[in-house]
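The values are calculated or read from the model by the stated rules, or taken from the named source; none is laboratory data. These figures come from a predicted structure and were not determined experimentally. Ideal geometry is used to build each Cβ from the backbone, glycine not excepted, and the neighbour counts take in all protein chains shown. Keep in mind that these areas ignore ligands, DNA and RNA; they rest on the heavy atoms of the full protein, side chains included. Shrake-Rupley method; radii C 1.70, N 1.55, O 1.52, S 1.80 Å.
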Amino acid sequence: MHERERHRIILSAIQEKPVITVQDIAELTEASEATIRRDIAALHVQGKLRRVRGGAEAVHPPQLGNLAARPFRVSESVNIDKKRAIARAAVDLCEEGDSIIINGGTTTFQMVHFMSARRLQVMTNSFAIAEHLVKHSKCTVSVPGGAIYRDQSLILSPFDNDAIRNFYARRIFIGAQGINALGVMESDALVIQSEQKLVRQAEELIIMVDSSKFSKRSSLILCSLDNVSTIITDDKIPDEAAAMVTDAGVKLITVKPMASAEKEDSTSVA
């Protein structure tokens, strides 16, 4: 990842919370901690952030009341080659005319690039996904009622009487903050509430995550692995994580990152 892109991610990340650690940024950018320390030092000199012990803080701290979920612009370019390949495999599961739900997220967003010629009925709580599909696809697009959270590009409502309960889907596609033996993990209670409403409206739950998510933890559990039909991830998934998934009776689809698999069939099924 180029320096300019790392700096963009760092500056976006410190708007998510007042202080972010060197380790957090290293995970986001897949750069070494030494490189991140140099980036923070450079941005500190430029007056774009404040360097603190072990990390950095915003010059103008974010306002309270935002979602705990990471901003869309922070995660959008992280592991993009893996996300594209995962998204292509997800769209391959869809048949012409299917009704599907796509939950907001940067991995699920990549599905739009493979849906331009499809005619699907799509419900999504992602402002970004809805906008792209309306402009660049033949899909029928529905969105639930609620407030738009700009940073996450999500449409969320705490109420049950919205459009979600009137939409039935063959499959729902969602991302996650982490996956372990306890289940699918998320970081924000309002996001969990929205996802659980969406999941109830679909026959099958498809989880789309890159392999790094199997080593991450969060404070909230969306559902157990018993509720998951399929997990799509990249081929760097650790062996113990793959065994955990298949032992739970979940179908596992692994893909090669798009950059190395554009000219060949990138999907294998376990």
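Listing for the model above:
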{"quantity": "Rg/Rh (Cα only; Kirkwood hydrodynamic radius) as it applies to the chain", "calculated": "0.97"}
{"quantity": "Listed residue (PHE109, CYS223, THR233) projecting farthest to the positive dipole end of the chain, Cβ model", "calculated": "PHE109"}
{"quantity": "Degrees, to the nearest 10: 189-199 long Cα axis against longest axis of the chain", "calculated": "20"}
{"quantity": "Å² per residue, accessible surface of the range 74-255 at 1.4 Å", "calculated": "41"}
{"quantity": "FRET efficiency for GLN196 and GLU131, using Cβ-Cβ distance with R0 set to 41 Å, rounded to 0.05", "calculated": "0.95"}
{"quantity": "Placed amide H near ASN125: partners under 5 Å, 5+ positions off or other chain", "calculated": "ILE102, GLY104"}
{"quantity": "Helix axis angle, 80-92 relative to the chain longest principal axis, alpha carbon, degrees", "calculated": "10"}
{"quantity": "Where the range 3-64 is the region considered: accessible area per residue in Å², 1.4 Å probe", "calculated": "59"}
{"quantity": "Carbon/sulfur fraction of accessible area - the chain, other protein chains in place, 1.4 Å, %", "calculated": "48"}
{"quantity": "Restraint check, LYS48/LYS135; LYS83/LYS135; LYS216/LYS251; LYS138/LYS197, Cα-Cα greater than 32 Å", "calculated": "LYS48/LYS135"}
{"quantity": "THR140 versus LYS251: modelled label distance in nm, points set 7 Å from Cα along the beta carbon direction", "calculated": "2.5"}
{"quantity": "Share, in percent, of DSSP beta bridges within the range 94-164 that are antiparallel, nearest 5", "calculated": "35"}
{"quantity": "Pair HIS113, GLU33: separation of 7 Å Cα→Cβ label points (nm)", "calculated": "3.2"}
{"quantity": "Where GluC sites (Glu not before Pro) fall in DSSP loop in the range 88-175, at most 16 other Cβ within 10 Å", "calculated": "GLU95, GLU96"}
